[in-house]
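Notes for the one structure printed next.
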Amino acid sequence: MKRNELITGILYLLAGGLFLLAHILTDTPLDSLLIGFAGGAIGGGLAMLFRYFYWSAPKNQKRYEEKLAREQIELHDELKIQLRDKSGRYAYLLGLAVLAVSIVIFSILGSLKLVESHTIILYLAWYLLFQLGAGIVIFRLLMKRY
């Protein structure tokens, strides 16, 4: 296994420890957020370290090489590449539709004075424009490359 994964796991653990320490030493409205980040980083770091030591053990190295070979075949399978591209496109279009509907819903809720929605509507509108622009720019960059 790559040494980079060991280092990443250790960094995640350290970041989780820092978030936990910040939670313990401070009393802010962000305490729940800090403890959530701490738990996520520590859990992710422990999982990475476990995987690293499990697959680095001499008895598992042959199985790990076979696993990597299977993953490389799966990664470069043309059908799966096309399906990943198509699913990404569908997810992108679904995201655009959800954003557009969200803008309308928050506008209605804001008009009915049920939600203070001006900031949410502006954010969603700018995010919609960003997503549209990013999709167009990425498509053009890919077209130039191929």
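The values are calculated or read from the model by the stated rules, or taken from the named source; none is laboratory data. Source: prediction; values computed, not measured. For neighbour counting, all protein chains shown are included, and Cβ atoms are generated from backbone atoms with ideal geometry for every residue, glycine included. To get the accessible areas, we keep the full protein, side chains included, count just its heavy atoms, and leave off ligands, DNA and RNA. Shrake-Rupley method; radii C 1.70, N 1.55, O 1.52, S 1.80 Å.
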Expressed in angstrom and rounded, the centroid-to-centroid distance over alpha carbons for region 1-79 and region 121-138 is 31 Å
Tally of Lys pairs whose C-alpha atoms are under 18 Å apart, taken over the chain, 8 or more apart or cross-chain = 5
Can you send over the solvent-accessible area of Arg84, 1.4 Å probe, protein chains only, in Å² to the nearest 10?
-> 110 Å²
State the answer as a single residue: which of Leu25, Leu49, Ile121 lies farthest towards the positive end of the charge dipole of the chain, with beta carbon charges of +1 for Lys and Arg and -1 for Asp and Glu, about the Cα centre.
-> Leu49
Solvent-accessible heavy-atom area per residue, rounded to whole Å², over the chain at 1.4 Å = 79 Å²
Could you work out, for region 74-120, what percent of all Cα-Cα pairs fall into each 10 Å distance bin, beginning at 0 Å and stopping at the bin that holds the largest distance?
-> 25, 28, 19, 16, 11, 1
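Grab the DSSP H runs of the chain that are 4 residues or longer, score each as -39,500 (n - 2.57), total them, divide by all residues and round the 222 nm result to the nearest 500 deg cm²/dmol. Mind showing how you got there, number by number?
Working: 5 runs with 126 residues, N = 146.
After summing the helix terms and dividing by residue count, I get -30500 deg cm²/dmol.
Can you give me the relative contact order of region 1-67 as a percent, contacts being Cα pairs under 8 Å and 6 or more apart? Don't jump to the answer; show the numbers that get you there.
On the way: 58 pairs, mean separation 29.0, N = 67.
Reported as a whole number, the value is 43 percent.
Under 8 Å for C-alpha pairs, at least 6 residues apart: give me the relative contact order for the chain, rounded to a whole percent. Can you show the working numbers first?
On the way: 84 pairs, mean separation 25.4, N = 146.
For the chain, the relative contact order is 17 percent.
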Mean Kyte-Doolittle of at least 1.0 plus a Cα span of 30 Å or more along the axis: flag which DSSP H helices in the chain meet both, please.
-> 3-25, 118-145
Percent of all Cα-Cα pairs per 10 Å bin for region 54-98, counting from 0 up to the last occupied bin, reads 25, 27, 23, 19, 7, 0
Top of Lys113, Lys86, Lys67 by mean-square fluctuation, Gaussian network on the chain, Cα under 10 Å | Lys113
Debye log10 I(q)/I(0) at q = 0.17 Å⁻¹ for region 1-125, Cα point scatterers | -0.98
